[in-house]
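Heads up: the structure comes next, in structure tokens.
Every read-out reported here was derived from the displayed coordinates using simple, explicitly stated rules and does not represent laboratory data. Since this is a predicted model, take the numbers as computed values, not measurements. Positions of Cβ are generated from backbone atoms using ideal geometry, with glycine treated the same way; all protein chains shown enter the neighbour counts.
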Amino acid sequence: MGLLSFLTRGRPSQAAADQTATCGHPVLVPSWDRVQDMGDESKVSGYRCSTCGAPLTLEEASEARQKNAITL
């Protein structure tokens with residue numbers, strides 16, 4: 001592993017950032033803060049797009065749902 005790859009490891013590449021920006025977030029996967037809350041839709045803390053991997057807030061997920069997103 002070179003020095004440059006070590007320094008940039010964990011940072012999204014420009015290509016990944018471009019994909020996230022243009023992704024329609026077609027499939028959203030919910031997440032919860034507490035294990036005990038899993039499965040309770042009213043306690044979802046956020047979502048992650050299964051296509052591009054971007055984390056979405058509840059507001060962003062709501063917008064994506066309005067654009068025909070599928071929520072798992």
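Restricting the first residue to region 32-49 and requiring it to be without any contact (Cβ under 8 Å) to a residue 40 or more places away in the chain, which pairs with a second residue that is of a type in the set (Asp, Glu) and exposed (fewer than 12 other Cβ atoms within 10 Å of the Cβ) meet a Cβ separation below 9 Å and a spacing of at least six or different chains? Taking only residues 6 or more apart or on different chains, the pairs are TRP32/ASP40; LYS43/ASP33; SER45/ASP33; GLY46/ASP33. Residues in region 20-61 that are among the small types (Gly, Ala, Ser) and in a strand (DSSP E or B): SER31, GLY46.
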